[in-house]
1. Once phi is turned into ³J(HN,Hα) by the Karplus curve 6.51 cos²θ - 1.76 cosθ + 1.60 with θ = phi - 60°, what whole-Hz value does each residue of the range B:307-315 show in order, with x for glycine and proline?
2. Which whole number gives the average, over all residues in A:323-332, of C-beta atoms from other chains lying within 10 Å of the residue C-beta?
3. What FRET efficiency would be calculated for the residue pair B:K556, A:E383, taking the C-beta separation as r and a Förster radius of 35 Å, to the nearest 0.05?
4. Specify the inter-centroid distance of the range A:184-249 and the range B:149-194, based on alpha-carbon positions, in whole Å.
5. Run the paramagnetic zone check for B:D288: 7 angstrom along Cα to Cβ, then residues of the range B:246-281 with backbone nitrogen under 16 Å.
6. Taking the label point 7 Å from Cα in the Cβ direction, how far apart in nm is A:L438 from each other copy of itself, listed shortest first?
7. In the calculated pair distance distribution of chain B, what percentage of Cα-Cα distances lie above 34 Å?
8. Report, by chain and number, residues whose modeled amide H sits under 5 Å from the one on B:K294, excluding near sequence neighbours (fewer than 5 apart, same chain).
Protein chains: 2
Amino acid sequence: MCGIVGYIGPKQAQNILLEGLRKLEYRGYDSAGLAVYQNGKLDVQKTKGPLKALEQRLSHHPLSGELGIGHTRWATHGKPSDENSHPHVDQSQEFSVVHNGIIENYIELKEKLQAKGYPFTSETDTEVIAHLLADLWDGDLVSTVRKAVKQMEGAYALAIASVKEPDKLVAVRLASPLIVGVGEGENFIASDIPAILEHTRNVYVLEDGEMAVITRDGVSLFTTDGAPVNREQMRVTWDAVTAEKAGYDHFMLKEIFEQPKAIRDTLAGRIKDGVVDLAQDISFTEEDLKGIDKIHFVACGTAYHAGLMGKSVVEKLVRIPVEVDVASEYRYRDPIITPSTLVVVVSQSGETADTLAALREAKKAGAKVLGITNVVGSSVSREADQVLMTWAGPEIAVASTKAYTSQLIAIYLFSLHLARVRGSLDAAELKAYTTALLNLPEQAQTILEEADAIRPFAEGIAKHDNLFFIGRGLDYAVVMEGSLKLKEISYIHSEAYAAGELKHGTLALIEDDIPVIALATQKAVFEKMVSNIIEVKARGAHVLGIGLQGDTELGKSVDETLTIPETLPLLTPVLAVIPLQLLSYYASVARGLNVDKPRNLAKSVTVE
Amino acid sequence: MCGIVGYIGPKQAQNILLEGLRKLEYRGYDSAGLAVYQNGKLDVQKTKGPLKALEQRLSHHPLSGELGIGHTRWATHGKPSDENSHPHVDQSQEFSVVHNGIIENYIELKEKLQAKGYPFTSETDTEVIAHLLADLWDGDLVSTVRKAVKQMEGAYALAIASVKEPDKLVAVRLASPLIVGVGEGENFIASDIPAILEHTRNVYVLEDGEMAVITRDGVSLFTTDGAPVNREQMRVTWDAVTAEKAGYDHFMLKEIFEQPKAIRDTLAGRIKDGVVDLAQDISFTEEDLKGIDKIHFVACGTAYHAGLMGKSVVEKLVRIPVEVDVASEYRYRDPIITPSTLVVVVSQSGETADTLAALREAKKAGAKVLGITNVVGSSVSREADQVLMTWAGPEIAVASTKAYTSQLIAIYLFSLHLARVRGSLDAAELKAYTTALLNLPEQAQTILEEADAIRPFAEGIAKHDNLFFIGRGLDYAVVMEGSLKLKEISYIHSEAYAAGELKHGTLALIEDDIPVIALATQKAVFEKMVSNIIEVKARGAHVLGIGLQGDTELGKSVDETLTIPETLPLLTPVLAVIPLQLLSYYASVARGLNVDKPRNLAKSVTVE
């Protein structure tokens, strides 16, 4: 996820672009840049760091001109650096491009272009596009862009400016959002509405496979095949605050709804022919991977819950023993580490202080370290021996949602990669898992489409100050995350229990009407789970059961039921957590609390 | 712990003895027996099973006579069986003895007596005494008993009847309670007051190293060296219910106060010359022990918390990787078990259904299984490959206290045994640990002597419905137990957190005046712990800090402070848990709840 802005009109582009980027900082903030056209030349200023760093640079080297494109970056391919910042240009600086999304076949394209002598200065996939445009130049910008797009696979949004036709900007969208803002004698391109809301409320929303050509006075829409598109202008009625959240009331809800995309992006390009291949992500050798005899997952908070899932997944698929530790404990407990120990640290921000400290301890003790993080260029991504990125995009709400599900996906991918290399699963099993993985985004979408159904349950539990979650096996790890979510944003004292353990003490707290949320998605322990549900029902608990679609048994033992689509048991947590996230969200809303910024908490805990 | 009764007087002894045993069933209930004298003969009836089984047997074979001794057993040496039941007699049935406690040198004595041709019919240490009396018989019962006692090491209470002098009973006490009840024309012996309360309220309480000779009309007290003892008669004012609890208001408080003894008994005979030797308890060979490459602790509830401590202790002392699982999860999660995996199951009752099921799964999967249990003859003790007993005696209160600390002691002993065999600690280190272990009972006693100081804190927290415990490292495992204790009997929703993990979510629940109990006994993480205390203080929490005596820092950061004596860091949990047990106890009392039988809970969870 990155932010894109483009401007063409009578005013100085620099300030309009900068102002637009400022409104998009929530989409990316590790580097930024502008390209502005004047007098036959495209001038580029770009730099690593927050937007402020770019502003400072521009104060010394202002860009003059009335056409330009701008970008604020959330690193994917290539760490945050001056070179990797957008816009990217070809070697003669005739074509400039800003880009959001991923060009999946960029390595192949890059190699072809390099063979032809095009020099690359960055690690990005984006730079390919600038060289490709130069290579394909046929005397017509729109036609050239169309040819380039034909060669590019992936999901992306582009804004392009060229000295060849300095009276226009070209925008292309494939599965990454892009809009055109329509002004008077000036027009705009943006990845998101907030960027242009100060200038116009009239927009065209591009659809997948569409492109726009904008001049000072006009906007034309086509498909990338050249067919004209008739689109009604949309009038934006959102205020600026709503616009930032793409129309959702809170970032958290927006991010919950972004999960199908986050899952899809994290899977993208990593499954080929029914097997997982992470060779492009991590360069542990086959010997390295075969030599691992112990894995430690180390993380904090929500990422720790992803680690708990990691234990089940790795032990099940690869049969390597796994320990899971909260990082603040791990670093001081003198864990038993050998050179054949793999330590997997999980951190959305990649800056979690305890996790980083644990990573360093583990390296010092001789372990191999794999980082799973959402931020390219973060400390975890730099210090781990190998990194497996989640592609969830920036997460703004303090309570993590899409980062968690993406971490689960990364863990599945890594486990299946290991399973393939070590031969612990056969081709049919690998195929079954990868097929089911690829199906998850759509299944997640169906849960989100029924989100409103969860609201009444949430309003019910919002009246209580104490409640319990129960589950067995994988469901237990999921309810731990569900309980944390609820605590974080609703301040309800909830606690998650292994359902079979409740009777060894905590059952004493079950009294009339106390809500118990029971997750029962694991068929292997379903009957035992029902027994535990009956135990709490017998003590007066009001039970919300969450089970699988088609299950006709659970409803008989609980007071209320929600269901999720069925997938392979090991993958179910990705779906099962979504109703719990929504439950927490709506409970927090019902209590009138600050969903996105709960009291006492910070998004990224960079202190110990 | 067993129950002892003796009677001499004008009435039929059988019914008085039976009635007395009924009052002592809380001290033991796995077998029972009587020996009654008549017409130059001692007749014995004894049987495995609860007292009812003995009653049934007596209804067919009544014992007639006006002098006798009785016993209700809590098995220590030898499983519950007819043969192992008391009273024990010599081969000519001239000397009968009932016994509570342990004869530590019984094997040595048994071998000597066997060499002389005395035939043994039971596995007990007690039988030694009967044969020893026969062997040492010098024509005077008191003199013979005195000679026998000189040869017996250990802690015990005895009641003896002999056909040689059928006008008297002899009682001996060494570190196990024993009283003499004074009636009119009849007198009594009992291990505890309830046994005789229907007949008399006038008692002599024997002290260590004292013996009593009682006839119908008189009681004489001596030391075992023969010096006369002048003791004032005590008048018991307790009612029968209080008497059962030895004067404590609840079994739980009684059992908390029994911990120094439970620790001492569990250590007894297992430390020699500065090293732990469990050769008499467990017969794993040195090869077995050297071949272990992974240990799983599996348990439920409080015993699970002992297992958590087991991980720290074993990994620290022996450097074998340890996993800890709640049994209800372990049995279904398909754990990775190899023939070199040792599975340690921990269960006070030895009948916990989930733990037993896990034990069976582990055996089926090829693991060696060590059981740690408090009940000889329990399913765990029978089904585990090897058993390490805790000698805590019967635990009546549902909330476990002395069983937990005894489980910790068993874990230390086993770890030090392993460390010696595997050479992971040197002699000086082993000596340091064993010395510190032997010091724990006395240190525990000093905490109990200040128990009343905890009451005001408990009354403070009893007003709240929610609170948190925090700790790091070993302290974290202790506060998990402290929190469970509080939940079980006070119904306060408390939750224990690794102190460094709080800021990753749960800190949102910290608001003004919420109590936080912070355990800070581990010097290695003391400063980090103080930082976490300051985090919750800053959000308004009211913090009770529990630290080490002599620590002058903790008090500066918390609202109230309690201290415990210092021992080696790894052993501190045994002491640190005691204030938490007392806190829970007094909080429950302050809330007017049923301390010993909390709602919804059973003492031994024999369902899944």
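The values are calculated or read from the model by the stated rules, or taken from the named source; none is laboratory data. All of these numbers come straight from a predicted model, not from anything done at the bench. No Cβ is skipped: glycine too gets one built from the backbone with ideal geometry, and neighbour counts run over all protein chains shown. Keep in mind that these areas ignore ligands, DNA and RNA; they rest on the heavy atoms of the full protein, side chains included. Shrake-Rupley method; radii C 1.70, N 1.55, O 1.52, S 1.80 Å.
1. Using θ = phi - 60°, the values come out as x, 4, 5, x, 4, 4, 5, 5, 5 Hz.
2. 5
3. Between B:K556 and A:E383 the formula returns 0.50.
4. Each part reduced to its Cα centre gives a spacing of 98 Å.
5. Inside the label zone: B:277-281.
6. Here A:L438 shows inter-copy label distances of 7.0 nm.
7. 45
8. Under 5 Å from the amide H of B:K294 lie the amide H atoms of B:L342, each far enough along the sequence or on another chain.
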